[in-house]
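Structure record follows, encoded as structure tokens.
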Amino acid sequence: MPKKFQGENSKAAEARARKGKVAEDERLRKEKMAEDKLWEDNDKHILKKLERQEEKEKKQQEAMQKKLERDKLLEEEMNSIKGAKNAAPAKVTRAHIDATLERERLAKIGV
């Protein structure tokens, strides 16, 4: 009597394909890591040079930030001074001037 099932077990075939794909992915990952390791630049002198360059750029950035902050504070101070100067001076009467002079004269004599 001939077998009824002819062909391949579909579940087993899917499992083999999954395992094969996982193995292939792992092999490709290892090859890529090996190639990356070959191309890796780990020269100490170059690394130190790059580190110094990054520190220099960082210092320049900090100096620029401080300068901008200083300029902002100066501008705020100048605006506050301008605000006080722009106020119209109060009118001074002759009586007010005489009273001020009298107070100064008394302060000089020590009363």
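Structure summary
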quantity: Evaluation of K11 against (1) of a type in the set (K, R); (2) at pLDDT 95 or above; (3) surrounded by fewer than 10 Cβ atoms within 10 Å (Cβ to Cβ) (one fails), failing number; calculated: (2)
quantity: Any hit, segment 85-103, residues being surrounded by fewer than 10 Cβ atoms within 10 Å (Cβ to Cβ), assigned to a helix (DSSP H, G or I) and of a type in the set (A, V, I, L, M); calculated: yes
quantity: Search result, residues across segment 26-73 that are modelled with pLDDT under 95 and polar (S, T, N, Q); calculated: N42
quantity: Which listed residue, of E24, E40, is out of contact with any helix residue (DSSP H, G or I) (no Cβ under 8 Å at 6 or more places or on another chain) and surrounded by 10 or more Cβ atoms within 10 Å (Cβ to Cβ); calculated: E24
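The values are calculated or read from the model by the stated rules, or taken from the named source; none is laboratory data. These numbers come from a predicted model, not from an experiment. Neighbour counts run over all protein chains shown; Cβ positions are idealised from the backbone, glycine included.
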